[in-house]
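Undergrad: Here's a structure for you.
Every number here is computed from the coordinates shown, using simple stated rules; none is lab data. Computed from a predicted model, the values in this text were never measured in an experiment.
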Amino acid sequence: MGGSGLSFGILTSGGDCPGLNAAIRGVGKAALGMGAARVVGIADGYRGLIEGRARELDAEKLSGILTLGGTILGSSREKPFEAEGPEDRSDQDEAMDKPELIKENYK
C-alpha cells in the first residue's frame, strides 16, 4: 500500500449510465498511482453509505471492469439530505437520521 495516508471513497448514485465502471477504474487507478493508502468503493450509492457497506478496491479489483456495463459498486436513488413528507417515509427511515449515519460511517 502507498504510504501517503490518503484515502479515496468512490460512490455511484442515481441511475445507471454508460461509463461508470470506466470512471471508477480511472479514478481508482489514478489514486493508487498517486500513492493513496486506500481506495474504498461504497456499495449502492448513498444507501450503502448510510448502511456502512464498503469494500477496498485494489488494482486487481479495478482490472477488467472497463468494458462492463453498469457499475460494479451498484447505485441507488437514495436522497439522504432531501426532506420527506410523512407519507414518503417507511417505519425504518423515520427512525434514521441519515446525515448522522453517513458521518459515522464515513469515519
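Undergrad: For Gly74, enumerate residues with amide H under 5 Å from its amide H, sequence gap 5+ or separate chain, H modeled in the peptide plane.
TA: Amide H to amide H, under 5 Å and 5 or more residues apart or across chains, Gly74 pairs with Asp44.
Undergrad: Under the definition of Cα pairs under 8 Å and six or more residues apart, what whole-number percent is the relative contact order of region 35-84?
TA: Averaging sequence separation for qualifying contacts and normalising by length gives 43 percent for region 35-84.
Undergrad: Report the full-extension gain for the segment Asp16 to Glu60: residue separation times 0.36 nm, less the Cα-Cα distance, to one decimal in nm.
TA: The span from Asp16 to Glu60 would gain 13.5 nm if fully extended.
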